[in-house]
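Everything on this sheet refers to the single structure shown next.
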Amino acid sequence: MDVTISPSRVQGRARAPPSKSYTHRAILAAGYADGATVRDPLWSADTKATARAVSLFGGSVERTADGPLEVEGFDGRPGVPADVIDCENSGTTMRLVTAAAALADGTSVLTGDSSLRSRPQGPLLEAIADLGGEAYSTRGNGRAPLVVTGPIAGDEVSIPGDVSSQYVTALLMAGAATDEGIEIDLETDLKSAPYVDITLEVLEDFGVEARRTDAGFAVEGGQRYDPAGGEYRVPGDFSSISYLLAAGAIAGDEGVRVEGAQPSAQGDKAIVDVVERMGADVDWDREGGTIDVSAADLEGIEVSVEDTPDLLPTIAALGAVADGDTHIVDAEHVRYKETDRVSAMAEELGEMGVETIEERDSLTVRGSESNLEGASVDGRGDHRIVMALALAGLAAAGETTIAGAEHVDVSFPNFFDALEGLGATLERRD
């Protein structure tokens, strides 16, 4: 699907979708349990992939008419899947499910689409091998397709922290169901650390105790997943909130109110501070879960995305509208997402007349040196690139057409409906 966006001003209310990160973890945690009800889930392409994996392990996930997911679990011991586990485009699914597969008494095979098959899994495979399982890449390059044979019993393992925090999440979630537990020693500083905070929060809500250690993290074995009252409620997603806030900061002359913004462990709540530092008028009612934002003359700033990699596309779009330079640093790990998001934003904003400076670990967007103009751009098969380019299109001179816009289904399926509801002028074409 192509979407064409005309220059627009926006106002009104929009609700954030539920968190993708929390939904992934909640579905799998309910799978590790006897079962649970997951309320307010994000039911998207990525989270459906995690749900299918739970079913292949011997559980089941059914979406009820009013939205909650009823999950029957495999009680801490996944069965050997009867089919290949297709994680499609979901890196979170592949990493979390790879560790779960290491608990099965037999062999599991995992794969995904071409993008996912290009993403690194080697450190997690090595960790599983160190824990007594067998795990390898069929191509010998640390990338899917993967073959995993268990069961692991648990032990101490050492992994790098600067490739993906999802390795830590995967091992902590699986470790609670091992006999001995897992102690994780980090070889390097942890990137995207707030995502592990999310994991610790979800584990606690499911009755599982995990902890930080001087060297990394640890979880005791033999624990049972058992949420209070047999249910778990997913909070709103700050990665998705970032696009709504940025739309208000760029084009919300009369103000935009974002609903569903209750505080949580999500690192991407840093976007509230980012848009405020750039000059937008922002008011976050934490108790009520609403954020009001209105447009102003934005100024470029320096932002580290070490712990918030998913914010880079949003910040780059804001930088294209701002005066001065927006310098996004600590960004090398952002290159290992659905696409190389550093290069993708540099190249696609370049098509719109934006001057950028791309380095291995940073992206500088030179708003004052740019003439933001509508253009035909490519969403790169990446939901976050699509949504960020749509933001730039609100302020560009002339129409902006984004190819592959259907990929917003990964995390924010009704994104264009929400944008249109705020007053943006857009046209969809299949």
Checklist entry - Where residues in the range 284-309 are aliphatic (A, V, I, L, M) and more than 30 Å from Ser165 (Cα to Cα), which of them is surrounded by the fewest Cβ atoms within 10 Å (Cβ to Cβ)? => result Ala296
Item to check | Single unsatisfied condition, Gly423 versus (1) assigned to a helix (DSSP H, G or I); (2) over 23 Å from Ser114 (Cβ atoms); (3) not hydroxyl-bearing (Ser, Thr, Tyr) | outcome: (1)
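Residues in the range 216-230: is at least one in a helix (DSSP H, G or I) and buried (at least 21 other Cβ atoms within 10 Å of the Cβ)? Show your work before the answer.
First, pick out the residues of the range 216-230 that are in a helix (DSSP H, G or I): 228-230.
Of the ones still in play, those that are also buried (at least 21 other Cβ atoms within 10 Å of the Cβ) are none.
No, there is no match, as no residue in the range 216-230 is in a helix (DSSP H, G or I) and buried (at least 21 other Cβ atoms within 10 Å of the Cβ).
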Checklist entry - Which of (1) aliphatic (A, V, I, L, M); (2) closer than 22 Å to Ala405 by Cα; (3) not in a helix (DSSP H, G or I) is the odd one out, the single condition Ala65 does not satisfy? => result (2)
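Considering only residues of the range 64-74 that are of a type outside the set (Ser, Thr, Tyr) and modelled with pLDDT under 95, which is surrounded by the most Cβ atoms within 10 Å (Cβ to Cβ)?
Here is the first cut: in the range 64-74, the residues of a type outside the set (Ser, Thr, Tyr) are 65-74.
The next check asks that each one be modelled with pLDDT under 95; those that pass are 65-67.
Values: Ala65: 5, Asp66: 6, Gly67: 12.
The extreme case among them is Gly67.
Of these, Thr111, Thr93, Thr98, Thr50, which one is within 23 Å of the chain's Cα centre (by Cα), buried (at least 21 other Cβ atoms within 10 Å of the Cβ) and free of Cβ contacts under 8 Å to residues at least 60 places away in the same chain? Don't jump to the end; show me each part of the working.
Numbers: Thr111 fails: buried (at least 21 other Cβ atoms within 10 Å of the Cβ); Thr93 fails: free of Cβ contacts under 8 Å to residues at least 60 places away in the same chain; Thr98 fails: free of Cβ contacts under 8 Å to residues at least 60 places away in the same chain.
Among Thr111, Thr93, Thr98, Thr50, only Thr50 is within 23 Å of the chain's Cα centre (by Cα), buried (at least 21 other Cβ atoms within 10 Å of the Cβ) and free of Cβ contacts under 8 Å to residues at least 60 places away in the same chain.
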Checklist outcome for this item: The residue that is surrounded by the fewest Cβ atoms within 10 Å (Cβ to Cβ), considering only those in the range 125-160 that are within 30 Å of Gly379 (Cβ to Cβ) and touching a Leu at 6+ places or on another chain (Cβ under 8 Å), is Thr138
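Quick one: in the range 149-194, which of the residues that are part of a loop (DSSP other than H, G, I, E, B) and within 16 Å of the chain's Cα centre (by Cα) is farthest from Ser21 (Cα to Cα)? Reasoning before the result, please.
Filtering the range 149-194 down to residues part of a loop (DSSP other than H, G, I, E, B) leaves 150-154, 160-165, 176-181, 187-192.
From what is left, the residues that are within 16 Å of the chain's Cα centre (by Cα) are 163-165, 191-192.
Details: Val163: 17, Ser164: 14, Ser165: 12, Lys191: 16, Ser192: 12 Å.
The selected residue is Val163.
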Checklist entry - Within the group Asp197, Asp268, which residue is under 27 Å from Ile5 (Cα atoms), assigned to a helix (DSSP H, G or I) and within 19 Å of the chain's Cα centre (by Cα)? => result Asp268
Checklist entry - Does Tyr243 qualify as being in a helix (DSSP H, G or I) and in contact (Cβ under 8 Å) with a residue 12 or more places away in the chain? => result yes
Item to check | Matching entry among Arg143, Arg52 (being of a type in the set (Lys, Arg) and either assigned to a loop (DSSP other than H, G, I, E, B) or within 20 Å of Thr178 (Cα to Cα) (or both)) | outcome: Arg143
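The values are calculated or read from the model by the stated rules, or taken from the named source; none is laboratory data. Source: prediction; values computed, not measured. Here Cβ is always computed from backbone atoms with ideal geometry, including for glycine, and neighbour counts include all displayed protein chains.
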